[in-house]
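Asks: There's a structure below that I have some questions on.
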Amino acid sequence: MKSHTEYLTFTVPARMDFVNITPQVEAAVRKSGVREGLCLVNAMHITASVFINDNETGLHADYKKWLEQLAPFDPSPQRYAHNRTGEDNADAHMKRQVMGREVVVAITNGKLDFGPWEQIFYGEFDGRRPKRVLVKIIGE
Amino acid sequence: MKSHTEYLTFTVPARMDFVNITPQVEAAVRKSGVREGLCLVNAMHITASVFINDNETGLHADYKKWLEQLAPFDPSPQRYAHNRTGEDNADAHMKRQVMGREVVVAITNGKLDFGPWEQIFYGEFDGRRPKRVLVKIIGE
Amino acid sequence: MKSHTEYLTFTVPARMDFVNITPQVEAAVRKSGVREGLCLVNAMHITASVFINDNETGLHADYKKWLEQLAPFDPSPQRYAHNRTGEDNADAHMKRQVMGREVVVAITNGKLDFGPWEQIFYGEFDGRRPKRVLVKIIGE
């Protein structure tokens, strides 16, 4: 069994935004030399997501609006008890649960085994500082 | 290490519906010959889900109603910017995030290591055309 | 390839609560002898979650309030068709979908490869009875 580990760092200028990280994950798969296996990609921070969806800017705008409705940003401790700790990012912890922490992608014939529109995104919900994503590949 | 890859195709007649795909995944596990390992099952389309829950028609009706409240179908570009592209399925991209893209199931003693009520479902949110699900098994 | 399987049982006194199960998962990783691999942790019941987030009581209170807004507890069959079956836990099946069934965590150098604040939680949405969590580790 082969394994390969890589850490990617992203500093997203906005509080909330999505970054297409498919090229970096594809590069990690090539480096791993794995032909058949699994590729885990996860946010290492708990106010960020890794998810697979469409690379379409209109959809990304829709996601932001929708997530803001489901879990509005509000730095006050009245709405969110978490913000009593001096944090202002309770909403980001909720947005991350809706969008998910991680994806697991099959590797077949040395490549990410994707459907026609699948792309991997880093989802940032409390940005403006460096945060890490883990890529772990196992297989043969 | 053994690996096994299978592609399942589903054409769901309704826009939104759930299909129990546990038998097909169990068959793939048998074919793989894997006794101890992991089984990834993921939607290959970004307006569909694979999830594990109860095989109960009342609950499925509840899920549909609930998802429709969280992310209503609306083909107009007023509510969803994604629909400016000529698509009408922005809501489906959101429903899929709530229900998830994939499940990873343990294989123990040659079988899916399930709790008492766990069943695997394909969740379709923009149906009426053929869409694929990937089953990837690795182990020994 | 090595593999290791463990079943944890939790009886949560409240209907909804979160239990930090990181120490039990770390112990399973040590027992497995795996240095490089993947660790799957999943709820075996369909009204419970396993998720990774912050070990902060204010945030946990926020999650409970938020999930109750997204999918209110209501034992009546008027709101939830599932409750016509004699169950009263349809809401728990929805809360579990928002928080997720499972996490997959990388094992690097014999340890869970975590970011600074990542902790694994068992999320119970229909407690007061024993329910199981599966830990499956594969690697080398």
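Asks: Could you give me the residue pairs with C-beta distances under 6 Å whose first residue belongs to the stretch A:112-139 and is under 20 Å from B:GLY100 (Cβ atoms), whose second residue is open to solvent by less than 10 Å² (accessible area, probe 1.4 Å) and hydroxyl-bearing (Ser, Thr, Tyr) wherever it lies, and which are 6+ apart or on separate chains?
Replies: That search, which allows pairs on different chains as well, returns A:GLN119/A:THR22; A:ILE120/A:THR22; A:GLY123/A:SER49; A:PHE125/A:THR47; A:VAL133/A:TYR122.
Asks: Exactly one of (1) under 24 Å from B:LEU134 (Cβ atoms); (2) within 12 Å of another protein chain (Cβ to nearest Cβ); (3) not in a loop (DSSP other than H, G, I, E, B) is unmet by A:THR9. Its number?
Replies: Exception for A:THR9: condition (1).
Asks: Mind checking which residues of the stretch B:20-32 are open to solvent by 10 Å² or more (accessible area, probe 1.4 Å), in contact (Cβ under 8 Å) with a residue 60 or more places away in the chain and either more than 12 Å from B:LEU8 (Cα to Cα) or touching a Lys or Arg at 6+ places or on another chain (Cβ under 6 Å) (or both)?
Replies: Our first condition is that a residue be open to solvent by 10 Å² or more (accessible area, probe 1.4 Å); within the stretch B:20-32, this holds for B:20, B:23-24, B:26-27, B:30-32.
Of the ones still in play, those that are also in contact (Cβ under 8 Å) with a residue 60 or more places away in the chain are B:20, B:24, B:26, B:30, B:32.
The answer is B:ASN20, B:GLU26, B:ARG30, B:SER32.
Asks: Among residues belonging to the stretch C:76-92 that are part of a loop (DSSP other than H, G, I, E, B) and hydroxyl-bearing (Ser, Thr, Tyr), point out the one that is modelled with the lowest pLDDT.
Replies: Of everything passing the filter in the stretch C:76-92, C:SER76 is modelled with the lowest pLDDT.
Asks: Could we say that A:ARG79 is in contact (Cβ under 8 Å) with a residue 40 or more places away in the chain, under 28 Å from C:LYS64 (Cα atoms), open to solvent by 10 Å² or more (accessible area, probe 1.4 Å) and within 9 Å of chain C (Cβ to nearest Cβ) here?
Replies: When the stated conditions are applied, A:ARG79 does not pass them.
Asks: Right, something else. Go through (1) charged (D, E, K, R); (2) away from chain A (no Cβ under 14 Å); (3) under 30 Å from A:LYS111 (Cα atoms); (4) open to solvent by less than 10 Å² (accessible area, probe 1.4 Å) one by one and return the number of the condition B:GLU118 breaks.
Replies: Of (1) charged (D, E, K, R); (2) away from chain A (no Cβ under 14 Å); (3) under 30 Å from A:LYS111 (Cα atoms); (4) open to solvent by less than 10 Å² (accessible area, probe 1.4 Å), only one is false for B:GLU118: (3).
Asks: Okay, next question. Can you find a residue that is surrounded by fewer than 18 Cβ atoms within 10 Å (Cβ to Cβ) and either among the aromatic types (Phe, Trp, Tyr) or part of a strand (DSSP E or B) (or both) anywhere in the stretch C:121-129? Full working, then the answer.
Replies: Step one: of the stretch C:121-129, the residues surrounded by fewer than 18 Cβ atoms within 10 Å (Cβ to Cβ) are C:128-129.
Pick out the ones that are also either among the aromatic types (Phe, Trp, Tyr) or part of a strand (DSSP E or B) (or both) and you get none.
So far as the stretch C:121-129 goes, no, none of its residues is surrounded by fewer than 18 Cβ atoms within 10 Å (Cβ to Cβ) and either among the aromatic types (Phe, Trp, Tyr) or part of a strand (DSSP E or B) (or both).
Asks: Among the residues of the stretch C:93-108, are any open to solvent by 10 Å² or more (accessible area, probe 1.4 Å), part of a helix (DSSP H, G or I) and among the charged types (D, E, K, R)?
Replies: Checked against the condition, which is being open to solvent by 10 Å² or more (accessible area, probe 1.4 Å), part of a helix (DSSP H, G or I) and among the charged types (D, E, K, R), the stretch C:93-108 yields no hits at all.
Asks: Can you confirm whether A:PHE73 is away from chain C (no Cβ under 12 Å), in contact with a Lys or Arg (Cβ under 9 Å, 6 or more places away or on another chain) and either assigned to a strand (DSSP E or B) or without any contact (Cβ under 8 Å) to a residue 24 or more places away in the chain (or both)?
Replies: No; evaluated as a whole, the condition is false for this residue.
Asks: For the list (1) crowded, with 21+ Cβ neighbours inside 10 Å; (2) free of Cβ contacts under 8 Å to residues at least 40 places away in the same chain; (3) of a type in the set (S, T, N, Q), I need the number of the one condition that C:SER49 fails.
Replies: It fails just one condition, (2).
Asks: Of everything in the stretch A:125-140 that's over 30 Å from A:GLY33 (Cα atoms) and of a type outside the set (Phe, Trp, Tyr), which residue is farthest from the other protein chains (Cβ to nearest Cβ)? Explain how you work it out, then say what you get.
Replies: So the first thing to find is which residues in the stretch A:125-140 are over 30 Å from A:GLY33 (Cα atoms), and the list is A:125-129.
Still in the running and of a type outside the set (Phe, Trp, Tyr): A:126-129.
Working: A:ASP126: 12, A:GLY127: 15, A:ARG128: 17, A:ARG129: 12 Å.
Taking the candidates together, the pick is A:ARG128.
Asks: Could you say whether any residue in the stretch C:47-54 is at pLDDT 95 or above and not in a strand (DSSP E or B)?
Replies: yes
Asks: Would you confirm, using the coordinates I've provided, whether A:ALA28 is in a helix (DSSP H, G or I) and either closer than 20 Å to C:PHE51 by Cβ or touching a Cys at 6+ places or on another chain (Cβ under 9 Å) (or both)?
Replies: Answer is yes for this residue.
Asks: For the stretch A:1-18, enumerate the residues that are under 13 Å from the mean Cα position of the chain (by Cα), of a type outside the set (Phe, Trp, Tyr) and surrounded by 18 or more Cβ atoms within 10 Å (Cβ to Cβ).
Replies: Within the stretch A:1-18, A:LEU8, A:VAL12, A:MET16 meet the criteria.
Asks: Residue by residue through the stretch C:40-64, note down the ones that are more than 24 Å from A:GLU87 (Cα to Cα) and either more than 12 Å from chain B (Cβ to nearest Cβ) or of a type outside the set (A, V, I, L, M) (or both).
Replies: C:ASN42, C:HIS45, C:THR47, C:SER49
The values are calculated or read from the model by the stated rules, or taken from the named source; none is laboratory data. Everything quoted here is computed from the prediction, not taken from an experiment. A quick note on method: Cβ atoms are made from the backbone with ideal geometry, for glycine too, and the neighbour counts reach across all protein chains shown. All accessible areas refer to the heavy atoms of the entire protein, side chains included, with ligands and DNA or RNA removed. Shrake-Rupley method; radii C 1.70, N 1.55, O 1.52, S 1.80 Å.
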